[in-house]
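Notes follow the structure.
The values are calculated or read from the model by the stated rules, or taken from the named source; none is laboratory data. Everything numeric in this text was worked out from a predicted model, so none of it was measured. Ideal geometry is used to build each Cβ from the backbone, glycine not excepted, and the neighbour counts take in all protein chains shown. Note: accessible area is taken over every heavy atom of the protein model, side chains too, but ligands, DNA and RNA are not part of it. Shrake-Rupley method; radii C 1.70, N 1.55, O 1.52, S 1.80 Å.
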Amino acid sequence: MAKAVESSKPFNEGEVKYYKSTCKMCVNFCGIKVKVQNGVIRAIYPDEKRAPYFNWGNCPKGVSGMWNTYNPYRLKRPLKRTNPKKGPNEDPGWVEISWEEAFNIVAEKLKQIRESDPRKLVWHHGHGKYLLDDEWMKAFTAAFGTPNMIHRTTTCEASRHVADEITWGGHGALPDLEYCNYLINMGGNYFEADQWARWLDHATIEAKERGMKLVVVEPRLSNLAAKADEWVPIRPGKDVLFLLAMANVLISEGYVDRDFLVNYTNAPFLVGEDGKFLRDENGNPLVWDTVTNSAKPYVEGVVPALEGEYEIDGKKYRTAFQVFADYVKDITPESVAEECGVPAEQIRRIAKEFGENARIGSTIVIDGKELRYRPVAIYTFRGLSAKEHGTQNWRAALIVMQLVGAIDAVGGFLLHKPGSEKYMKPSKCEYPPSRIDLKKSVFLPHATHDVAQQAMFSMLDPEKYGFDYKPEMQIFFATNRPFSTSNAEKQFEALAKTFNVVIDITMTETAWYADVVFPDKTYLEAFGYYGGRWTPHARHHTLHYPIVNVFNIPYQNLEIMFELAKRAGFYDEFLEKINEKFKFKNPKFEKGKDYDAKAAFDILWRNKTGQPIEQGMRDGFYGKFVSVEERYLHGAEEKFKGPNKPKMHLYCEELIHSAEKVIELMNKHENIRKVFEEWYETENVEEEVKIRLSPIPRKEHAYPTPHKKAKDYPLYLITFKRMYRNQSGYCNVNPILNQVSHDSDYNDVWIHPETARKLKIDDGDKVVVESRVGKLVAIARVTEAIRPDTVAISYHYGHWSPGYPEWARKGSWVNKILEYHPDMVSGMNSFNDTKVRIYKA
Ligand SMILES: Nc1nc2c(c(=O)[nH]1)N[C@H]1C(S)=C(S)[C@@H](COP(=O)(O)OP(=O)(O)OC[C@H]3O[C@@H](n4cnc5c(=O)[nH]c(N)nc54)[C@H](O)[C@@H]3O)O[C@H]1N2
Ligand SMILES: Nc1nc2c(c(=O)[nH]1)N[C@H]1C(S)=C(S)[C@@H](COP(=O)(O)OP(=O)(O)OC[C@H]3O[C@@H](n4cnc5c(=O)[nH]c(N)nc54)[C@H](O)[C@@H]3O)O[C@H]1N2
Ligand code: SF4
Ligand SMILES: [Mo]
């Protein structure tokens with residue numbers, strides 16, 4: 001192991017020092033206090049100074065994070081492949097090379113590609129975004145000249161973001177837990193995962209102690225569901241039916257915030273029979289003015305009608321609200337109960353409780369300001385979004401919250417930076433696609449986030465998607481991408497065809513396919529920045545910096561990028577792009593000058609916080625609390641309220657325009673239709689496009705492709721994360737986390753006792769779980785914490801890279817049996833839609 005350990009004095013002698021820093025074992029960016037003695041990290045504690053901003057404690061990953069840094073299986077020196085053949089069973093024939101040689105090999109390749117066609121470089125990062133902030137990578141790829149920089153968002157939660165963006169022009173929102181009285185959580189798994197977990201955990205418990213009711217709607221009894229007042233074990237994928245039925249009850253029982261819908265949303269806009277808005281000659285959408293009884297733009301003096309049908313120039317128009325109300329009129333709780341697997345009375349009661357608790361019309365005075373008070377919210381993370389119809393699922397929840405006016409009200413659902421109209425327009429439906437991930441192309445028209453899983457599929461057959469180029473080189477920075485997607489084995493085939501560079505801390509499966517591997521420093525050894533997690537009451541920036549350097553690694557990630565840019569001849573362009581992307585004002589990067597990580601992060605920290613880097617290295621963060629004004633009056637209130645303002649989208653008309661464009665292009669280019677036929681296993685593609693790009697969520701969105709097509713596979717498969725593991729890599733080589741959480745060669749598969757009995761499976765039996773794309777072995781865990789028609793297997797396990805020690809290669813790789821049917825709106829990868837059968841191994 002490390003020299004530092006061998007030469008250290010006895011464990012508890014010597015001066016003790018504490019360093020305030022930021023944990024990057026996951027994406028919560030918690031405050032930590034690192035205890036160092038004799039130059040060795042002895043313990044990690046939560047930082048009490050960070051508690052008012054975010055985390056009160058740390059999770060098991062956080063407190064054992066040093067075991068990842070003091071890990072003998074880390075990458076320590078650059079490696080070069082000597083066997084050109086790539087495969088899971090091919091020995092790469094690694095040889096250790098000098099940093100000098102590694103930089104030169106990679107820079108040479110970069111130079112070649114930049115001269116021939118820079119688009120042939122594809123850059124991927126995952127956790128790398130959060131180690132550094134992705135503007136650095138955007139600058140690197142822009143300076144190089146490739147459009148192909150791909151973050152992981154569609155393998156994460158992109159459809160939730162896109163639903164937010166097309167509805168309110170921004171993404172990221174939180175329940176206002178300090179005031180909320182009724183929270184419905186639809187599969188947000190924040191006692192095991194989630195990106196805001198270390199705030200949501202204590203904020204939820206405090207809210208519950210204050211009397212908030214918590215209802216968890218989820219097929220699996222998550223750790224959060226176990227703490228809820230009510231667990232509603234819904235059938236996977238049917239949440240959209242539950243939500244539409246809630247809307248039915250809210251409307252029929254009169255729990256409708258008419259003032260909110262008229263003044264903040266496009267609910268009063270007039271919709272024609274083609275589904276499009278009636279507009280004036282300037283393109284302004286029209287409402288029915290009840291003062292003059294005529295169609296007008298919503299300007300001063302106009303009082304729009306919320307509901308109704310109107311005849312204008314011989315044509316019929318209904319308000320958008322009326323279109324939605326008519327659609328859900330027959331979607332009663334009784335009509336969806338069986339499909340949801342939830343009794344009608346329960347759906348009806350929850351809807352009424354939600355409506356009642358919303359206190360429509362009420363206000364509250366805080367700090368002398370009278371504010372809208374609607375203390376109800378719906379929350380999710382990947383529960384509603386990690387699916388083929390993820391965007392429409394979350395749209396349904398956003399509509400329910402609009403109906404009762406809970407958006408941006410005290411106790412309701414608080415938006416983060418709403419109102420960007422660029423998101424609320426029809427897509428340009430680019431064809432041929434410029435980016436290898438098909439982002440914003442005709443295939444995935446509203447994919448405003450990077451389509452992580454698609455790049456490999458595109459590379460396997462570029463002509464199919466209309467590309468006129470074929471990538472030749474891929475760089476992976478802190479991501480084990482192909483391992484974490486659907487149909488994961490297939491993903492690796494594309495990796496065998498390109499020149500690959502991996503910057504990581506362990507020999508991941510992706511690294512196993514590399515030509516050159518660069519070791520990286522960990523978050524306890526390197527500088528790193530990320531804008532911290534906002535909460536309703538605070539904002540903060542987070543920093544980490546070198547505390548130790550266990551293997552004396554000379555460069556960290558950003559420095560590797562600087563070095564490559566220098567040697568490949570685009571260093572000055574890189575620096576210029578950094579200034580541009582970050583919008584640096586003072587200080588800025590200067591052309592021709594050398595920067596190490598400290599100097600670079602000093603520039604960043606000063607621009608972000610106005611403080612020198614020494615402040616960040618003392619506190620690990622820089623934060624401020626927000627005023628009541630900022631918290632409640634700068635969001636929806638400022639952007640959408642009243643006449644002459646853009647409106648929040650109850651009705652996403654833009655999707656109809658996008659659908660028209662998709663169909664037009666599809667009729668010109670046969671290959672587009674072919675791709676849709678393959679993705680969605682249908683010949684009626686036109687109808688399918690219209691349903692997927694529908695302006696309001698529909699019943700059809702409860703039926704992802706495998707639910708319709710995998711007839712011989714009776715059980716729903718869902719996946720989830722575990723508290724002791726992070727993502728696809730590096731907790732498996734943390735001996736504490738590995739042993740504590742998992743000492744079996746296989747994952748558990750959760751099976752309900754009734755199902756187990758029928759299948760003659762006992763607790764602890766070895767079983768085969770088989771889908772249409774693959775099978776795996778798992779251990780039956782017979783439990784009432786799952787629905788009888790559903791089984792659940794966790795992510796994170798089943799590593800097979802021979803670069804990991806044997807004990808780190810345990811568990812079952814669930815991703816290899818997940819089917820791939822992307823969400824047409826957002827490009828989201830499908831994680832929770834697969835159907836399986838199970839039998840004894
Ligand atoms: N079945 C199933 N699949 C899932 C999920 C699920 O819940 N179920 N979750 C999905 C989600 S939400 C996501 S975001 C994706 C994530 O999937 P990935 O893209 O695979 O995960 P990342 O977090 O991006 O990458 C983690 C990588 O960063 C490396 N790393 C860690 N620290 C450092 C460092 O300091 N420097 C460098 N260079 N490397 C470092 C790790 O070793 C590891 O290889 O997986 C998705 N896949
Ligand atoms: N410990 C740990 N924490 C992490 C991470 C990690 O890897 N490990 N990763 C981080 C990242 S990148 C992310 S994106 C977040 C993800 O955080 P979450 O989204 O909160 O966690 P997941 O476990 O991915 O969420 C899937 C949840 O959806 C439920 N679910 C599945 N199908 C359905 C359905 O049809 N309906 C409903 N209602 N629920 C369903 C599952 O039971 C599961 O609890 O976690 C972050 N935090
Ligand atoms: S929740 Fe994430 S950031 Fe916080 S301590 Fe745990 S691993 Fe670290
Ligand atoms: Mo994620």
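Could you please let me know if Y724 is outside the structural domain of W196 (by TED's automatic domain parsing), at pLDDT 95 or above and in contact with a Pro (Cβ under 8 Å, 6 or more places away or on another chain)? So Y724 fails the test. Per the listing D330, D326, the residue uniquely open to solvent by 70 Å² or more (accessible area, probe 1.4 Å), outside any strand (DSSP E or B) and among the acidic types (D, E) is D330. Of the residues making up segment 52-83, those that are open to solvent by less than 50 Å² (accessible area, probe 1.4 Å) and either within 16 Å of A808 (Cα to Cα) or of a type outside the set (D, E, K, R) (or both) number 21. In segment 535-553, of all residues being more than 21 Å from P612 (Cα to Cα) and either free of Cβ contacts under 8 Å to residues at least 60 places away in the same chain or open to solvent by 20 Å² or more (accessible area, probe 1.4 Å) (or both), the one that is nearest to ligand 4 (Cβ to nearest atom) corresponds to H537. Of all residues in segment 678-715, those satisfying the criterion of being among the hydrophobic types (A, V, I, L, M, F, W, C) and either assigned by TED's automatic domain parsing to the domain that holds I234 or under 22 Å from N248 (Cβ atoms) (or both) are I691, I696, A702. Would you check which residues across segment 336-391 are small (G, A, S), away from ligand 2 (no atom under 16 Å from the Cβ) and touching a strand residue (DSSP E or B) at 6+ places or on another chain (Cβ under 7 Å) and list them? Scanning segment 336-391 gives A358, S362. Taking the listed residues E784, E806, E770, the one that is acidic (D, E) and at pLDDT below 95 is E806, with no other qualifying. Select from segment 147-203 the residues that are more than 16 Å from ligand 3 (Cβ to nearest atom), over 14 Å from the mean Cα position of the chain (by Cα) and open to solvent by 10 Å² or more (accessible area, probe 1.4 Å) and list them in ascending order. Across segment 147-203, the qualifying residues are P147, M149, E178, Y179, N181.
Taken over segment 115-125, the criterion of being in contact with a strand residue (DSSP E or B) (Cβ under 8 Å, 6 or more places away or on another chain) and either within 16 Å of ligand 1 (Cβ to nearest atom) or outside any strand (DSSP E or B) (or both) is satisfied by K120, V122, W123, H124, H125. Looking across segment 333-346 at every residue that is in a helix (DSSP H, G or I) and farther than 30 Å from V271 by Cα, the one that is most open to solvent (accessible area, probe 1.4 Å) is identified as E338. Would you point out the residue of segment 240-268, among those that are in contact with a Leu (Cβ under 8 Å, 6 or more places away or on another chain) and open to solvent by 10 Å² or more (accessible area, probe 1.4 Å), that is farthest from V215 (Cα to Cα)? Filtering first and then ranking leaves V262. Output the residues belonging to segment 511-532 that are part of a loop (DSSP other than H, G, I, E, B), open to solvent by less than 10 Å² (accessible area, probe 1.4 Å) and within 20 Å of D91 (Cβ to Cβ). Listed by number, the list holds a single entry, A514. Restricting attention to segment 216-239, the residues that are open to solvent by less than 10 Å² (accessible area, probe 1.4 Å) and not in a helix (DSSP H, G or I) total 10.
Conditions (1) under 20 Å from M828 (Cα atoms); (2) buried (at least 18 other Cβ atoms within 10 Å of the Cβ); (3) under 26 Å from the mean Cα position of the chain (by Cα); (4) more than 16 Å from ligand 3 (Cβ to nearest atom), marked per residue:
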{"position": "R722", "(1), (2), (3), (4)": "no, yes, yes, no"}
{"position": "S728", "(1), (2), (3), (4)": "yes, yes, yes, no"}
{"position": "I736", "(1), (2), (3), (4)": "no, no, no, no"}
{"position": "D763", "(1), (2), (3), (4)": "no, no, no, yes"}
{"position": "V782", "(1), (2), (3), (4)": "no, yes, no, yes"}
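Residues that are closer than 17 Å to E509 by Cβ, away from ligand 4 (no atom under 16 Å from the Cβ) and not in a helix (DSSP H, G or I) within segment 715-738 comprise N732, V733, listed in sequence order.
When both residues are 6+ apart or on different chains and their Cβ atoms are under 8 Å apart, which pairs have a first residue that lies in segment 93-108 and is within 23 Å of P802 (Cβ to Cβ), and a second that is of a type in the set (S, T, Y) and at pLDDT 95 or above? Filtered contacts from segment 93-108: G93/T82; W94/T82; V95/T82. Checking each residue in segment 499-510 for being farther than 15 Å from G729 by Cβ and open to solvent by 10 Å² or more (accessible area, probe 1.4 Å) picks out only F499. Residue pairs whose Cβ atoms lie under 8 Å apart, sitting 6 or more positions apart in sequence or on different chains, and linking a residue in segment 23-38 that is closer than 17 Å to N12 by Cβ to a partner that is within 11 Å of ligand 1 (Cβ to nearest atom), are V34/L524. Scanning segment 197-224 for residues being out of contact with any Gly (no Cβ under 9 Å at 6 or more places or on another chain) and within 12 Å of ligand 2 (Cβ to nearest atom) gives a total of 4. For segment 140-154, taking the residues that are in contact with an Asp or Glu (Cβ under 6 Å, 6 or more places away or on another chain) and not in a strand (DSSP E or B), the one that is farthest from ligand 2 (Cβ to nearest atom) is identified as A143.
For segment 785-814, filtering for residues that are assigned to a loop (DSSP other than H, G, I, E, B) and not polar (S, T, N, Q) leaves 18. When restricted to residues that are part of a helix (DSSP H, G or I), surrounded by fewer than 23 Cβ atoms within 10 Å (Cβ to Cβ) and either within 16 Å of ligand 1 (Cβ to nearest atom) or in contact (Cβ under 8 Å) with a residue 60 or more places away in the chain (or both), segment 466-498 contains 5.
Here the condition is being modelled with pLDDT of 95 or more, open to solvent by 10 Å² or more (accessible area, probe 1.4 Å) and closer than 30 Å to S794 by Cβ; of R382, R395, R372, it holds for R382 alone.
The residues on offer are V287, V303, and the sole one that is closer than 27 Å to M424 by Cα, modelled with pLDDT of 95 or more and crowded, with 17+ Cβ neighbours inside 10 Å is V287.
Of K24, K49, all but one fail to be at negative phi and either more than 16 Å from ligand 2 (Cβ to nearest atom) or open to solvent by 30 Å² or more (accessible area, probe 1.4 Å) (or both); the exception is K49.
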